[in-house]
Amino acid sequence: MKALRFGRAAAVISVAALALTACGSDNATGQPAAAGSASSAAGSAVTGTLTGIGSSAQNSAMEAWKAGFESANEGAMVQYSPDGSGAGRKAFLSGGAQFAGSDAYLKDDEMTQAVEVCGPDGALNIPAYISPIAIAFNLGDVTELNLDAPTIAKIFKKEITTWNDPAIASQNEGVELPDTTITVVHRSDESGTTENFTDYLAAAAPEDWTYEVGGAWPADLQSENAKGTSGVIQTVTSTDGAITYADASAVGDLGKAKVKVGEAYTEISSDAAAKAVDVATPVEGRPELDMSLDLERDTTESGAYPVVLVSYHLYCTTYDSQETVDLVKAFGSYVISEDGQAEAEASAGNAPLSETLREKAQMAIDSIKVAS
């Protein structure tokens with residue numbers, strides 16, 4: 001096993017103090033959890049620097065988590081670089097970051113690789129952020145459109161090339177659609193948002209989207225592209241007729257599509273995203289405490305919005321010092337706490353984790369320990 005060498009935190013937080021950072025759930029100590037505010041951790045604070053790299057979709061939420069955590073732990077600092085999910089996973093798996101933000105759980109081969117860095121029990125995929133992926137467009141006064149999965153797939157395959165195409169018009173009676181050319185904008189970097197979006201297309205429109213699901217956009221569908229969530233939004237905002245896929249918190253005043261689910265069109269919202277996650281199933285073959293989830297992209301559940309990402313924090317099951325363990329557990333517990341989730345929702349508009357998910361996440365975080 002490669003020993004993790006991330007530097008030592010300067011103070012140790014007790015297990016009882018860690019329980020204070022949990023919120024709205026039972027905890028592994030058997031003691032009742034306190035109301036999980038950032039201030040509840042004050043007085044039993046950790047210090048040191050925690051380094052993370054990853055999801056740009058998480059960036060707004062991460063700023064809120066950093067502020068809340070650091071205000072309760074004056075000697076602590078969280079450094080997070082929103083370089084994209086792919087970059088985050090690579091850094092984490094090479095031992096270059098203590099945690100990663102990723103809009104997709106680690107694949108099986110990555111879980112195997114994590115053993116080399118994290119010890120025999122490998123890594124944990126812990127949901128931290130749930131958000132709908134907006135299908136966002138720039139079409140003047142048109143701010144809302146109904147689109148079914150096959151139409152979305154054909155747009156992003158560039159088979160539907162103008163906004164007044166009959167496939168779009170037939171789903172939007174009464175909407176004045178221009179003959180403007182559709183400009184598809186995709187991520188240039190490896191992205192968990194891309195992986196989630198292509199996963200939706202492959203499941204909900206399998207006859208039209210036959211490309212492999214992955215974090216890189218299909219090579220033979222290259223068009224306008226930009227790095228990161230902010231990059232694609234900036235490009236669409238400045239391009240008449242453009243369309244992209246991006247974390248809903250970032251799209252601003254761009255138009256957003258309602259997605260057909262069953263016989264109705266579902267409006268994008270945090271509640272609709274949370275409903276889609278509620279019908280997800282655990283990934284088979286993973287360790288007991290791992291929380292990787294398979295989403296039912298082709299659901300017909302009324303009110304569910306299946307173009308959703310569950311963004312994870314990736315942690316090692318073991319670290320090389322107690323001080324590092326305490327810092328990781330304190331931050332991880334704050335992120336998933338009721339208050340941590342509320343702070344992220346206010347900042348980024350994501351859907352808070354359910355009580356059931358928070359309970360499971362706290363159990364997983366509580367299991368992190370020093371390597372023996």
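The values are calculated or read from the model by the stated rules, or taken from the named source; none is laboratory data. Keep in mind the model is a prediction, meaning the values are calculated, not measured. Heads up, the Cβs are rebuilt from the backbone with ideal geometry, glycines too, and the neighbour counts pull from every protein chain shown.
Overview of values
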read-out: Residue match in the range 314-328 (condition: of a type in the set (Val, Ile, Thr), at pLDDT below 95 and touching a Leu at 6+ places or on another chain (Cβ under 9 Å)); value: yes
read-out: Residues that are at pLDDT 95 or above, of a type outside the set (A, V, I, L, M, F, W, C) and crowded, with 21+ Cβ neighbours inside 10 Å, drawn from the range 155-193; value: HIS186, ARG187
read-out: Enumerated helices (runs of 4 or more DSSP H) restricted to the range 145-209, each holding at least 2 residues that are farther than 23 Å from ASP247 by Cα; value: 166-169
read-out: Selected residue [more than 17 Å from VAL142 (Cβ to Cβ), crowded, with 16+ Cβ neighbours inside 10 Å, hydrophobic (A, V, I, L, M, F, W, C) and assigned by TED's automatic domain parsing to the domain that holds THR162] from LEU221, LEU201, LEU254; value: LEU201
read-out: Which listed residue is at pLDDT 95 or above and either touching a Gly at 6+ places or on another chain (Cβ under 9 Å) or among the basic types (Lys, Arg) (or both), from THR237, THR244, THR299; value: THR237
read-out: Selection within the range 338-372 - among the β-branched types (Val, Ile, Thr) and part of a helix (DSSP H, G or I); value: THR356, ILE365
read-out: Restricting the range 276-300 to residues that are assigned to a strand (DSSP E or B) and either in contact with an Asp or Glu (Cβ under 8 Å, 6 or more places away or on another chain) or among the acidic types (Asp, Glu) (or both), the residue that is surrounded by the fewest Cβ atoms within 10 Å (Cβ to Cβ); value: THR281
read-out: VAL325, sole failed condition from (1) outside the structural domain of GLN98 (by TED's automatic domain parsing); (2) within 25 Å of LEU353 (Cα to Cα); value: (1)
read-out: Residue check for ALA273: surrounded by 21 or more Cβ atoms within 10 Å (Cβ to Cβ) and under 15 Å from the mean Cα position of the chain (by Cα); value: yes
read-out: Criterion (within 30 Å of LYS369 (Cβ to Cβ), buried (at least 19 other Cβ atoms within 10 Å of the Cβ), among the hydrophobic types (A, V, I, L, M, F, W, C) and in contact (Cβ under 8 Å) with a residue 40 or more places away in the chain) met by exactly one of ILE135, ILE130, ILE152; value: ILE130
read-out: Hey, VAL236 part of a helix (DSSP H, G or I), within 21 Å of the chain's Cα centre (by Cα), surrounded by 18 or more Cβ atoms within 10 Å (Cβ to Cβ) and among the aliphatic types (A, V, I, L, M) or not; value: no
